[in-house]
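Colleague: Quick one: this structure, given as structure tokens, is what I'll be asking you about.
Quick note: the coordinates plus some simple rules give every number you see, no bench work behind them. All values derive from a computational prediction rather than experimental measurement. Don't worry about glycine lacking a Cβ; one is built from the backbone with ideal geometry, like all the others, and counts go over all protein chains shown.
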Amino acid sequence: MSPLSAFPPNGFRSVPARQRGVALVIALVVLFILTILGVSALVSTALEGLMAGNVQEQNRAFQAAETGIDAALARADAYVAVRGQEVPGSATAIGGYNASASYTSTYQGQTDPPRSSKASSTEKVKVNRFKTESVGVTANNGAKATLTRGMYQIGPAAQ
């Protein structure tokens with residue numbers, strides 16, 4: 001037998017019938033796995049974009065609530081020492097992202113100054129305590145943030 005007669009004339013050895021099509025099945029399985037990975041990557045990317053947008057809107061709502069606190073501090077009549085009196089207010093069109101804030105300042109009572117302060121040596125002054133609550137809301141998706149701050153001012157003792 002000549003060395004050339006060991007190979008079939010077309011250059012390939014014959015494959016048993018039970019092995020035909022295995023490469024196709026393996027290729028389809030690999031393609032299916034790659035498709036699943038691609039789709040899950042797209043879904044994950046879209047979800048991360050939504051989460052980043054929500055975090056940004058929550059930060060804007062927080063900043064709007066901070067602006068409400070600042071607006072209360074800037075208002076001359078926001079801190080009136082009358083027990084239980086609430087002084088409401090608002091700030092609108094905050095920044096370029098259409099946010100707003102509403103605040104309420106409430107008088108809480110009067111106490112003595114801290115012992116370490118110079119005002120503690122006299123009985124003519126007291127500390128007026130206030131609670132200011134501000135709620136910031138964004139118009140884009142309705143994100144909301146609430147801040148509560150305690151404020152105080154030194155003033156004359158109530159008669």
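Colleague: Using a 10 Å cut-off around each Cβ, can you sort Ser44, Ser100, Ser134 from fewest to most neighbouring Cβ atoms?
Modeller: Starting with the residue having the fewest Cβ neighbours, the order is Ser44, Ser100, Ser134.
Colleague: Apply 1/(1 + (r/R0)^6) to the Cβ-Cβ distance of Phe32 and Thr146, taking R0 = 41 Å, and write down the FRET efficiency to the nearest 0.05.
Modeller: About 0.25, to the nearest 0.05.
Colleague: Separate question: Looking at the square roots a ≥ b ≥ c of the eigenvalues of the Cα gyration tensor of the stretch 20-156, which shape do they give, rounded for a/c under 1.5, prolate if a/b is larger than b/c, or oblate?
Modeller: The shape class here is prolate.
Colleague: Related question: Hey, can you rank 31-42, 87-98 by average C-beta count inside 10 Å, highest first?
Modeller: In decreasing order of mean packing, 31-42, 87-98 become 87-98, 31-42.
Colleague: Apply 1/(1 + (r/R0)^6) to the Cβ-Cβ distance of Ser90 and Lys131, taking R0 = 22 Å, and write down the FRET efficiency to the nearest 0.05.
Modeller: 0.80
Colleague: Using θ = phi - 60° and the Karplus relation 6.51 cos²θ - 1.76 cosθ + 1.60, list the HN-Hα couplings for the stretch 98-109 in order, rounded to whole Hz, with x at every Gly or Pro.
Modeller: My calculation for the stretch 98-109 gives 6, 10, 9, 9, 10, 9, 9, 10, 10, 6, 9, x Hz in order.
Colleague: Let me ask something else. As a footprinting exposure proxy, order Arg60, Arg115, Arg129, Arg75 by other Cβ within 10 Å, with the fewest listed first.
Modeller: In increasing order of surrounding Cβ atoms, one gets Arg115, Arg75, Arg129, Arg60.
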